[in-house]
Structures are given as structure tokens and as C-alpha cells.
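**Q** I am attaching a structure below and will ask some questions about it afterwards.
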Amino acid sequence: MYEFVDLHERGVASTSLSIQTFFNGINLDEVLTDESGGFTTLTVSGRGNVTNRLSTTEIPGRDGLLESNEYTSSEREIVVKYKITDRTNEGFRLRFNKLNDLLKGTKKELVFSDEDAGFYATLSGNEVPEENSNTLIASLTFLCSNPRKYGPEKTITLNTSSGTIANVDGTASTKPIFELEVTAPITFAMVSTGDEHMVIGRPADVEEELVDTKTMILEEEGTSLGSWSEASTMVDVGEVSGRFETDGIGITVPDYGLPSDSRWHGPALIKEIPVIKDFEIEMLMDVRTINSEETFRIECYLFDENYNVLGKMGIKDNGLQLHRKKGVGRIGPELGGTTNYLISSENYEYNWDTFNGMVRVKRIGRSFEFYITRVSNAGNHVNSQGASYYDSDGSFQGALKYVQIHIGKYTGTEQAYTPRINSIRVFQLQEVSVDQTPYIARAGDKIVMNHHTKELLLNGERVAKGDFGSRPFSLTPGENTLVLLPENGLQGIMKYRPAY
């Protein structure tokens, strides 16, 4: 049935005269448009094209070709015709520069406002005609090496007792993401379709003993600082002054104290722990420098029974012209420069005003491992750096007995905005014998199996896969059976995007 328009009714102004283009989550039509000019998507072509690769064989003496029953889809090419304009020549060039900058990156999501689905695309060309005016019609060509398009993400809760029948929408296979929470200590985690599976860790044989090789002996988040001592504290190239407190999130510094000369200063506290030989210590922290003249350092020192320094780890910003966060990971005492430093400004710098991350040191026998990483908003480790050292002459083999924390600033500089130790945890490690299987995760740990990016993450950190048959798999449209193992150790969800 037709609907007639009331000619006396006031019209509603349209906010957009065309399809809008989104690349890597950015609306190009909006970001590149202001009072001086703009970017306008005119047409899009290639979204509906399908090209199949057919396998054929020519047989002498027979008409036609022998065609295989199987085929694959070729890559997809999408062309976006657009108009770009500006009032001035200079503004025109700057608008083009910004456009090209926004189109950097490979396999980024390409979406258009007239469809609730998108592609993974890489810009292969920006074809611009002769620039004879400040208004031009040009075209962007995107390569979609994966020809599929994907709808909005969907979530399915996994049944951990009897398996899950997952009804997958779409018309083509898609790669799932499994987000799992550990509910009891486990030696492995597996998701299986029956024919294929992805696993981390290893199931134990009946003859093997299950062992926990990682026992936490200290956790501090700022709530029990009264059990720490200031006596016997000492810091590198500086002095101990001021005090710590907790802000409900972690350990902060309300007062750096008054130094006796121009050097690093700030509070430090030390904690005696049961003597351990093999250990792992991790410290979570965050900080922000509002201007580049601010300085800070957040450090954790390790001492043996005789107060010999086994090492130090942390992060600092000691520059006055840039926001530059430098990693710290050192074996033994301070010797000047970067001597004994496995992690330093030589291999870890992060040039940004904020830092939210973790430092970690592990010693097993004579082997030391240092690790530093930023932690993204999603909880994933990014911009990570590791380094190892073998103590061949046994210089740093004293048993760990004291752990010290310190936050400082340099005299005469501004203090950073709330440098904070969110938590520090100390673990005793135990080696595994041939007839034992270690736990890989404990209650509260998070495991992500991303079959799209082929990443396996344990608490945001990449881990190695399990046995040889473990590999990323796809789900087909319609009914899929999923089993989560071990049954009493995991719970979680599956996310996927319907593919077409």
C-alpha cells in the first residue's frame, strides 16, 4: 500500500546525504569534516561481488572440463568513491594527509553505515586525479584477503556439565573466541568439537601426581602496610624519606619527605618472608605524568639473608623533556650506568604520559627471567619485553628473605600524578619431577582462546599450545557441539561473528 506525503508538513533535515565509511572504528565522513571542508562517501562497489576459484582438468577427447566438487573463494576488492574539499590549498593538503594517516594498518575493520556487517580490509590504493581544484572526486581501493563479511558479535554461554549445542548464525564458517574462567586448579584447558580441539597445558596420566609448583607466600595491595618495616631500607642513588598510604586501589605516596641533597628520595618499606630459593615476584603498577618535567620511579628490591642485593625491578621516568617510561630489571647491586641491567632504557621505553602494567622476576636454580609489559584495558599484555640471565658463577644464589618497595622522585622536579603500586605478590616455585604434572592455572585465572587471531592467553599473557593435535578451528553455520574440559575446572562464554 502506498503512503502519501502531506505537502504542508515540515520536512526533516537529513544529517547525511550518503553512505558513511568506517575504517578501524573511525567514521571518516565525520572525522574529516568541519566548517572548512569535508570528506563525503559517494558510492561503494564490490561488496556483493563473488569470485570462486574452480579446480578443473582438461581431458583429451572429451568435451568441456572435469570440474572438482570443491572450490574456494577469491579475495574481495572494495572501491569507495568519495569527495574531498577544503576552502584553502593548505587545508586541502592537510585533510588528505589526515585521511591517509587514518587508513594505515592491515586487516582493519571496514564498515558502511547502510549495513550491519563489515569486512577485514587493507588499503591498497588511494587514486586521486589531477589536483586542479580544492574539490576532488577520488577513490579508495581496499583489499579484503578474507572475502567474508561479518555481522555483529554474538555470545553463547558454555554448559560445562553436558556440553553445549551452539547454533551459529550466518552462511559461512567463522572463527570463535572462548573466554574462560578457572574455577579450580587445572593442569589443562580444552575446548573440543569432537573432531577438532584447542588446548593449553596437558592432561595428567593416572600414574602421575598433580602438583602445585607455585605457592603464594605474600600478597600486598596496601591494606596491611603496618606489617612492613622502614628499618634497614636502602635505595639506589638516593635516600629514604616520606611515607606510603593506600588510596583503596593500591599503595601511593602522600609525602616524599625532605631530602638532604639533590638526588632521588621517597618512602621505602621492607618485608621479611620465609626463606625461599626458587621464586617469582610480580608487581602491578600504574602512573601518569601530566607534564614532561615530572619524575618518578617505582621499584621492588630483592635481598638475601645477609641483605645482599639479588636484584631490582620497576619502571621510571627520569627525563625532563619527554614522557618516557623506562623499564628496570637488574641482577645484583647498583654498579652505575646500565651494568647488570637486563631491562633498561636500552631495550624498553614507552613514550606516553600514562603507564599501566606489570614487572616480574623469576629465579629457578641459576636462571633468572625478567619481564615487563603494559596491560591493556581488556587485560591483555602489550608492548612486552623479556630477558634472561644464567648465574654461572653463583654470585646471586642467596635465598630470598626480604622484599622492599620504593616510590621516589628526583629533588627539584615535579612529582608525577599518583604513581601507584596496585599489588605485589611473591610466590615460591617448585620444580616438577618426571612423574608429576603441574597445575597451569588456579581459581580466578582467565584463559582466552582466540581462534581468529590464533592467540592463547592466560591472564592476558601469551602461552604455548598443548599437544600436536591442538589447532584453531572454525564453526560451521547451524548446529555445533562444544565440550569444555575439565568439567569441574572451567566456565565461560563463546563469542563469534556470523560470517556471510
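All of the numbers you see were taken from the coordinates with simple rules; none came from a lab. Please read all numbers here as calculations on a predicted model, not as lab measurements. With ideal geometry, Cβ positions are generated from the backbone for all residues, glycine too; neighbour counts draw on all protein chains shown.
**Q** Pop a pseudo-label 7 angstrom from the Cα along the beta-carbon direction at both E67 and R442 and give the gap in nm to one decimal.
**A** It works out to 6.1 nm between the two label points.
**Q** With a ≥ b ≥ c the root eigenvalues of the C-alpha gyration tensor of region 358-397, is it rounded (a/c under 1.5), prolate (a/b larger than b/c) or oblate?
**A** On the way: a/c = 4.79, a/b = 3.50, b/c = 1.37.
It is prolate, given that a/c is not under 1.5 and a/b is the larger ratio.
**Q** Further, regarding this structure: Relative contact order of region 295-366, please, whole-number percent, based on alpha carbon pairs below 8 angstrom and at least 6 residues apart. Could the numbers behind the result be given before it?
**A** Details: 121 pairs, mean separation 17.7, N = 72.
Averaging sequence separation for qualifying contacts and normalising by length gives 25 percent for region 295-366.
**Q** Nothing charged except the Cβ atoms of Lys and Arg (+1) and of Asp and Glu (-1): what's the magnitude of the dipole of region 221-429 about its Cα centre? Round to the nearest 20 debye.
**A** Values: 21 positive and 27 negative charges, 78 e Å.
My answer is approximately 380 debye.
**Q** What percent does the relative contact order of the chain come to when contacts are Cα pairs within less than 8 Å and at least six residues apart?
**A** 22 percent
**Q** Which value, in debye to the nearest 20, gives the size of the charge dipole of the chain about its Cα centre, when Lys and Arg are +1 and Asp and Glu are -1 at the Cβ? Spell out each step's value before the answer.
**A** Values: 49 positive and 71 negative charges, 139 e Å.
That gives a dipole near 660 debye.
**Q** Also: Hey, could you get me the Stokes-Einstein D for the chain, Kirkwood radius over alpha-carbon pairs, 37 °C and 0.692 mPa s, rounded to whole µm² s⁻¹?
**A** Values: Rh = 27.5 Å.
Rounded to a whole number, D works out at 119 µm²/s.
**Q** Could you work out the local net charge near I364, counting Lys and Arg as +1, Asp and Glu as -1, over the other residues with Cβ closer than 10 Å to its Cβ?
**A** Result for the neighbourhood of I364: 0.
**Q** State the answer as a single residue: which of T338, S229, P267 lies farthest towards the positive end of the charge dipole of region 221-429, with beta carbon charges of +1 for Lys and Arg and -1 for Asp and Glu, about the Cα centre.
**A** T338
**Q** While we're looking at this one, here's another question. Give me the base-10 log of I(q)/I(0) for region 344-466 at each q in 0.16, 0.17, 0.19 Å⁻¹, Debye formula, one uniform scatterer per Cα, rounded to two decimals.
**A** Scattering profile of region 344-466, log10 relative to I(0): -1.15, -1.27, -1.46.
**Q** Express the Stokes-Einstein translational diffusion coefficient of region 23-143 in µm² s⁻¹, to the nearest whole number, given a Kirkwood radius over alpha-carbon pairs, 4 °C and a viscosity of 1.567 mPa s.
**A** Values: Rh = 16.8 Å.
Estimated via Stokes-Einstein, D reaches 77 µm²/s.
**Q** When W352, W264, W228 are ordered from fewest to most other Cβ atoms inside 10 Å of their Cβ, what list results?
**A** Numbers: W352 13, W264 22, W228 18.
Going from sparsest to densest Cβ surroundings: W352, W228, W264.
**Q** Still on this structure: Tell me which of N134, V199, N459 sits at the most positive position along the dipole axis of the chain, charges placed on C-beta atoms (Lys, Arg +1; Asp, Glu -1).
**A** Of the options given, the answer is N134.
**Q** What list do you get for Y417, Y82 if you sort them by fewest beta carbons within 10 Å?
**A** Going from sparsest to densest Cβ surroundings: Y417, Y82.
**Q** While we're here: Would you compute, from DSSP H runs of 4+ residues alone, the mean residue ellipticity of the chain at 222 nm, taking -39500 (n - 2.57) per run and dividing by the full residue count, rounded to the nearest 500?
**A** Numbers: 2 runs with 18 residues, N = 500.
Computed ellipticity for the chain at 222 nm equals -1000 deg cm²/dmol.
**Q** Follow-up question, since we're still on this one. Using only alpha carbon positions, build the gyration tensor of region 145-304, then give the equivalent ellipsoid semi-axes as the square roots of 5 times its eigenvalues, largest first, whole angstrom.
**A** On the way: eigenvalues 458, 130, 39 Å².
Values for region 145-304, descending: 48, 25, 14 Å.
**Q** Please give the FRET efficiency for S345 paired with S124, using the beta carbon to beta carbon distance and R0 = 41 Å, rounded to the nearest 0.05. Mind showing how you got there, number by number?
**A** Numbers: r = 38 Å, r/R0 = 0.93.
Here the calculated transfer efficiency is 0.60.
**Q** Express the relative contact order of region 331-409 as a whole percentage, based on alpha carbon pairs under 8 Å and six or more residues apart in sequence.
**A** On the way: 86 pairs, mean separation 18.6, N = 79.
Reported as a whole number, the value is 24 percent.
**Q** Oh, and also: Ranked highest first by the average count of other Cβ atoms within 10 Å around their residues, in what order do 306-313, 168-175 fall?
**A** For the peptides 306-313, 168-175, the packing ranking is 306-313, 168-175.
**Q** Can you put D261, D445, D317 in order of Cβ neighbours within 10 angstrom, beginning with the fewest? Intermediate values should be presented prior to the final figure.
**A** Details: D261 8, D445 17, D317 27.
Fewest-to-most ranking of D261, D445, D317: D261, D445, D317.
**Q** In degrees from 0 to 90, rounded to the nearest 10, what is the angle of the helix 89-102 Cα long axis to the longest principal axis of the chain?
**A** 70 degrees
**Q** May I ask you to compute the full-extension gain from E153 to I26, defined as 0.36 nm times their residue separation minus their alpha-carbon distance, rounded to one decimal in nm? Mind showing how you got there, number by number?
**A** Numbers: separation 127, 0.36 × 127 = 45.72 nm, distance 1.81 nm.
Here the answer is 43.9 nm.
**Q** Now for a different question. With viscosity set to 1.567 mPa s and temperature to 4 °C, compute the Stokes-Einstein D of region 257-345, Rh being the Kirkwood radius across alpha carbon pairs; µm²/s, no decimals. Before the final figure, lay out the partial values.
**A** Working: Rh = 14.9 Å.
Value of D from the Cα-based Kirkwood radius: 87 µm²/s.
**Q** How large, in Å, is region 221-429 by the Kirkwood hydrodynamic radius built from its alpha-carbon pairs?
**A** Details: mean 1/r = 0.0586 Å⁻¹.
About 17.1 Å, per the Kirkwood formula over Cα pairs.
**Q** For the pair T51 and T476, how long in nm is the line joining their label points, each one 7 Å along Cα→Cβ?
**A** About 2.8 nm, to one decimal.
**Q** What base-10 log of the normalised intensity I(q)/I(0) is obtained for region 24-88 from the Debye formula, alpha carbons as equal point scatterers, at q = 0.18 Å⁻¹?
**A** For region 24-88 at q = 0.18 Å⁻¹, log10 I(q)/I(0) is -0.81.
**Q** Continuing with this model, one more query. Which entries of K81/K149; K81/K104; K326/K362; K104/K495 have Cα-Cα distances beyond 24 Å here? Show your work: numbers first, answer last.
**A** Working: K81/K149 20 Å; K81/K104 18 Å; K326/K362 20 Å; K104/K495 27 Å.
Beyond 24 Å between Cα atoms: K104/K495.
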